[in-house]
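See below for the structure under consideration.
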Amino acid sequence: NGVLGPRIEASKAWKPSKDEPNNPDPIVAIITDGRFAAIDPRFFGGAIDEGGTSILHNMADKVVANYHATKDNVYLDKEGKPESIKGSTQIVFYNLGFGEQSQKSRGFNSRAAFTKRLTDGGIPRAEIAWFDDANTDAKKEAIFKAMRSGQMKVLIGSAKKMGTGVNVQKRLAVLHYQDPPWFPADVEQPHGRIIRQGNQNSEVAIEWYTTKGTYQSTMW
């Protein structure tokens, strides 16, 4: 509030003039900054104090905890026989923060920071897939196949790119949704990746994340 509040008041009070025909700090820009700040202070050059946390930290830690809790789960092949690879899978959806443009404009490599927290927690890097790396249909299908077989355990991608057409439900135990989208449909479609026929888990979990007192919590 100490940063964004004054900006909102200044933006509301702004009047167009000959020298300044366009609002230099429109409300939509302030809202976007608020959404980023709610995810992690490092998007603004800040730091996480000792003992402090952020959505990125909390979400990574939950992914790690679920990875270990479900690593011995058994899944069946088409003939009903146990597959040799054990372990459930998880999906992480986001709207902000992990895209290439966000990395450049915000000066914080959130993707590297998130990946490191996962690997530090014991998830092998080879079992983590970033959907943005799949720049061809063949690469996308290879990721989907690896998620179905259990070779990969965590798939991270934007709700826009992965909300539909992602057939990986077989082992999905947990869906994480980092930040709220603008429209309800952009929540319902991602939910359809896990709450879907063909998922062999009788129970699944959907985790939504927010920071109390932020515009993000209002959006949820």
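General observations
- Counted without the sites themselves, the longest stretch of the chain free of GluC sites (Glu not before Pro) in a DSSP loop having at most 11 other beta carbon atoms within 10 Å is 80-202.
- Of all the options Gly121, Gly45, Gly87, the one that moves most in a Gaussian network model of the chain with Cα springs shorter than 10 angstrom is Gly45.
- Taking Ala13, Ala113, Ala134 as the candidate residues, the one with maximal mean-square fluctuation in a Gaussian network model of the chain, Cα springs under 10 Å, is Ala13.
- Accessible surface of the chain [probe 1.4 Å, protein heavy atoms]: carbon and sulfur percent: 52
- Counting only alpha carbon atoms, the long axis of helix 27-39 and the longest principal axis of the chain meet at about 40°.
- In the chain, the DSSP beta bridges split such that about 5 percent are antiparallel, to the nearest 5.
- Along its principal axes, the chain has C-alpha extents of 73, 37, 30 angstrom, given from the largest down.
- With a cut-off of 10 Å between beta carbons, the residues surrounding Arg106 carry a summed charge of 0, where Lys and Arg count +1 and Asp and Glu -1.
- Residue-averaged 222 nm ellipticity for the chain, from DSSP H runs of 4+ at -39500 (n - 2.57), nearest 500: -11000 deg cm²/dmol
- In the range 122-220, trypsin sites (Lys or Arg not before Pro) in a DSSP loop with at most 10 other beta-carbon atoms within 10 Å: Lys212
- Computed over the range 75-199, the percent of Cα pairs more than 22 Å apart is 36.
- C-alpha long axis of helix 4-13 to longest principal axis of the chain, angle in °: 50
- Checking every one of the trypsin sites (Lys or Arg not before Pro) in the range 31-90 against DSSP loop status and a limit of 16 other Cβ atoms within 10 Å picks out Lys71, Lys78, Lys86.
- Cβ-based net charge around Asn73, under 12 Å, with every Lys or Arg adding one and every Asp or Glu removing one: +2
- Summed over the residues of the chain and divided among them, the accessible surface reaches 54 Å² per residue at a probe radius of 1.4 Å.
The values are calculated or read from the model by the stated rules, or taken from the named source; none is laboratory data. Note that the structure is a prediction, hence the values are computed from the model and not measured. As a convention, Cβ positions derive from the backbone with ideal geometry for all residues, glycine included, and neighbour counts pool all protein chains shown. Remember, those area values only see protein heavy atoms, side chains included, never the ligands or the DNA or RNA. Shrake-Rupley method; radii C 1.70, N 1.55, O 1.52, S 1.80 Å.
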